[in-house]
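> I am attaching a structure below and will ask some questions about it afterwards.
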Amino acid sequence: SRNRIASVTSLLPMAPIQVILDHNLLKSLPADFCKIDDIESFSCSDNLLQEFPVVLSNLEGQYSFEKVNLSGNRMHGFQTGFKGIRCEQLNLSANYMGHLPGETTKGYMPEEFARTGSVINYLDLSYNRIDTLRNAAIKGLKNTQALDLSKNDLRALPSAFTAETFPWLTGLDLSHNRLDGFPENVLN
């Protein structure tokens, strides 16, 4: 952490328990960066990452990351080959998730997590300038227990944002958005 590391190469066959690369100059991580079978905590916050690293795709096995922190980057999408993630806590705050490079108008919650059947218990998407949630972005996230969408530009929640979609949801932060009224469908 807190160096001037601008790139990393593969560490295979290394299988670390923790990876901490915070406050560097990384723009991407190689797909074969390291073995992820034993990683409990992976942190690469406050770098220059452009896309969600495919090295963190771990949906195929039974293993689950405890914490993944990719906050404070410039991520606007996913590296080619992303197959989903299994994670207790995923922090993507202060990124540009849902924005295409150079686009400043609409900010959609990314659909890749729902499409891949990712298992994320606590998902933090605060400070991402998301103004639109589509049904496709939330359906498939049935295991989510807490969702932080605070400090975005949301004006409404989609019709599928119900207890049927999120049967285990116990925490929801929608503060500091642009909601015109109380989103009653969250109570259905």
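The values are calculated or read from the model by the stated rules, or taken from the named source; none is laboratory data. Since this is a predicted model, take the numbers as computed values, not measurements. Backbone-built Cβ (ideal geometry, glycine too); neighbour counts: all protein chains shown. Heavy atoms of the whole protein, side chains included, go into the accessibility calculation; ligands, DNA and RNA do not. Shrake-Rupley method; radii C 1.70, N 1.55, O 1.52, S 1.80 Å.
> Working from the alpha-carbon coordinates of segment 1-140, get Rg over Rh, Rh being the Kirkwood radius.
Dividing the radius of gyration by the Kirkwood radius yields 0.94.
> Still on this structure: Per DSSP helix of 4 or more residues, -39500 (n - 2.57); summed, then divided by the residues of the chain. What does that give at 222 nm, rounded to the nearest 500?
So the helix-based figure for the chain works out to -1000 deg cm²/dmol.
> Another question, then. Which residues in segment 59-74 place their backbone N less than 14 Å from a point set 7 Å from the Cα of Gln18 along the Cα-to-Cβ direction?
What the label zone holds, given the 14 Å backbone N cut-off, is 66-69.
> Okay, moving on. With a sphere of radius 14 Å drawn around the Cβ of Ser43, what net charge do the other residues whose Cβ falls strictly inside it have (Lys, Arg +1; Asp, Glu -1)?
Overall, the nearby charge balance is -4.
> Pull up the cross-link candidates among the aspartates and glutamates for Lys139, meaning alpha carbon to alpha carbon under 20 Å and not fewer than 8 places away within one chain.
Lys139 reaches Glu60, Glu88, Glu111, Glu112, Asp124, Asp131, Asp148, Glu164, Asp173, Glu184.
> Output the relative contact order of the chain, whole-number percent, from Cα pairs under 8 angstrom with separation of 6+ residues.
That works out to 13 percent.
> Here is a further query. Among Leu12, Tyr96, Phe113, flag the residue with its Cα farthest along the positive direction of the charge dipole of segment 1-115, charges on Cβ as +1 for Lys/Arg and -1 for Asp/Glu.
Tyr96
> For the residue pair Gln62 and Arg115, what label-to-label distance in nm results when each label sits 7 Å from Cα along the Cα-to-beta-carbon direction?
3.0
> A further question on this structure: Report, to the nearest whole %, how much of the accessible area of segment 6-138 belongs to carbon and sulfur atoms, 1.4 Å probe, protein only.
Taking all protein chains in place, segment 6-138 shows 50 percent carbon and sulfur surface.
> Shifting gears a bit: Based on the Cβ-Cβ distance from Ser159 to Leu48, what FRET efficiency comes out when R0 is 25 Å, to the nearest 0.05?
After rounding to 0.05, the efficiency reads 0.10.
> Under unit Cβ charges (Lys, Arg +1; Asp, Glu -1), what dipole magnitude, rounded to 20 debye, does the chain have relative to its Cα centre?
380
> For the chain, set up a GNM with springs between Cα atoms under 10 Å and report which of Glu60, Glu111, Glu51 has the largest fluctuation.
Among Glu60, Glu111, Glu51, the largest GNM mean-square fluctuation belongs to Glu60.
> Moving on. Send over a whole-number figure in Å² for the accessible area per residue of the chain, probe 1.4 Å.
51
> Let me cross-check Thr132: its accessible surface, 1.4 Å probe, with only protein heavy atoms counted, in Å² to the nearest 10?
30
> With the chain treated as a Gaussian network of Cα nodes joined by springs under 10 Å, which of Met97, Met14, Met75 yields the largest mean-square fluctuation?
Among Met97, Met14, Met75, the largest GNM mean-square fluctuation belongs to Met14.
> Can you pull the Rg over Rh of segment 37-78, Cα-only, Kirkwood?
0.99
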